[in-house]
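What follows is one structure encoded as structure tokens, with my remarks underneath.
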Amino acid sequence: MGRIYRKITHVIYDMDGLLLNTEPFYTKANQEIAARYGRTFDWSHKSRVIGLRAMDTARILVKTIPLPITPEEYLELRKHLLEDLFPQAQPMPGAVRLTEHLHRYGVAQAVASSSDRHHFELKTSRHKKWLEIFQCFVVGADPDVKHGKPAPDVFLVAAQRLGAEPANCLVFEDAPSGVEAACAAGMAAIAVPDPNLGNRAFPCAAQILRSLTEFDPADWGLPAYQESP
């Protein structure tokens with residue numbers, strides 16, 4: 001791919017399914033809860049909630065699976081299942097290489113996640129050293145994030161804390177709602193989606209990649225890799 005001409009000074013990442021491989025944990029927990037009530041959780045449900053905040057996810061799933069419990073009860077059940085799984089989260093392919101490469105060249109980076117603070121800490125508990133390279137972290141429960149994705153709030157807050165102009169930020173996301181949020185914030189967005197999601201789910205994405213390993217920083221005027229993957 002040839003260079004995409006847009007001046008990028010800062011890079012922002014989603015976390016679940018983008019930096020850390022946590023999406024299978026959500027699927028496992030949701031399937032177990034659905035099974036308790038004789039229901040099934042499948043891709044038709046998952047595709048509607050990828051990237052959303054916990055309460056938004058709960059409201060949708062309770063209605064669409066459907067489940068005979070409240071969203072609050074659903075979250076309480078899911079919390080106990082996920083707390084055992086999240087500390088096992090491992091980086092997605094290419095995530096460590098890309099972020100450490102940009103860090104070496106002084107490119108400021110942030111994480112903007114829909115996770116609440118407690119779950120964020122569990123997911124990242126084994127990766128503290130790696131995460132020291134990021135300048136800031138914004139989670140869904142941050143008081144300055146008034147609305148969850150697809151609203152642009154979480155990315156605008158991240159840009160503000162980085163001291164960056166939104167137009168100069170590049171966002172990596174795996175979810176349609178996240179890409180939509182980045183575009184609404186006036187940022188360039190790269191989608192790295194689940195293979196089950198078609199490209200049409202990301203109409204405003206500047207690029208759609210199968211993995212972070214496919215990303216070429218030089219396409220965006222960022223420092224080029226000096227070594228092979």
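The values are calculated or read from the model by the stated rules, or taken from the named source; none is laboratory data. The shown structure was predicted, so the numbers you read here are calculated from the model rather than taken from an experiment. Because the Cβ atoms are built from the backbone with ideal geometry, glycine has one as well, and the counts that use them run over all protein chains shown. Note: areas computed on protein heavy atoms with side chains; ligands, DNA, RNA excluded. Shrake-Rupley method; radii C 1.70, N 1.55, O 1.52, S 1.80 Å.
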Within the chain: Cβ-based charge dipole about Cα centre, in debye rounded to nearest 20 (Lys, Arg +1; Asp, Glu -1): 140 debye
By average C-beta atoms within 10 angstrom, highest first, the peptides 134-144, 29-39: 134-144, 29-39
Whole-Hz Karplus couplings 3J(HN,Hα) for segment 205-213, θ = phi - 60° and coefficients 6.51, -1.76, 1.60, Gly and Pro as x, run 5, 6, 9, 10, 10, 7, 6, 4, 5
Output the lone cysteines of the chain: those with no second cysteine's C-beta under 4.7 Å from their C-beta. CYS136, CYS169
Those lysines that a straight Cα-Cα span of less than 19 Å connects to LYS149, excepting residues fewer than 8 apart in one chain: LYS46
Please list, ordered by chain and number, the residues whose modelled amide H lies under 5 Å from the amide H of HIS147; skip anything fewer than 5 residues away on the same chain. ASP153
May I ask you to list the aspartates and glutamates whose Cα is less than 20 Å away from that of LYS79, ignoring any residue fewer than eight positions away on the same chain? ASP16, GLU23, GLU32, ASP42, ASP56, ASP116, GLU121, ASP142
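Run the accessible area of segment 88-229 with a 1.4 Å probe and give the carbon-and-sulfur part as a rounded percent.
Details: 3240 of 6280 Å².
In segment 88-229, the share of accessible area belonging to carbon and sulfur is 52 percent.
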Cα-projected label distance for THR213 with ARG48, points at 7 Å along beta-carbon direction, nm: 3.4 nm
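Taking the highest mean first, how do the peptides 94-103, 49-58, 173-182, 121-130 order by number of other beta carbon atoms within 10 angstrom per residue? It would help to have the intermediate numbers written out before the result.
Values: 94-103: 18.0, 49-58: 21.5, 173-182: 27.0, 121-130: 15.3.
The densest-packed peptide leads the list: 173-182, 49-58, 94-103, 121-130.
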Measure nothing fancy, just the Cα-based angle from helix 153-162's long axis to the longest principal axis of the chain, in degrees from 0 to 90, nearest 10. 40 degrees
Taking the Cα-to-Cβ direction at ASP84 and at ARG200 and moving 7 Å from each Cα, how far apart do the two end points lie in nm? 4.0 nm
Can you give the % of DSSP beta bridges in the chain that are antiparallel, to the nearest 5? 5 percent
Would you calculate a helix-derived [θ] at 222 nm for the chain, using -39,500 (n - 2.57) for each DSSP H run of n ≥ 4 and dividing by the full residue count, to the nearest 500? -11000 deg cm²/dmol
Taking Cα atoms only, helix 71-85 is inclined relative to the longest principal axis of the chain by an angle, in degrees rounded to 10, of 60 degrees
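Accessible area per residue, 1.4 Å probe, Å², for the chain: what's the number?
Heavy-atom accessible area per residue stands at 46 Å².
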Checking the a/c ratio against 1.5 first, then a/b against b/c, what shape does the Cα gyration tensor give for segment 10-74? prolate
With the Cα gyration tensor of segment 92-171 giving a ≥ b ≥ c as the square roots of its eigenvalues, does the rule (a/c under 1.5 for rounded; else a/b larger than b/c for prolate; else oblate) give rounded, prolate or oblate? oblate
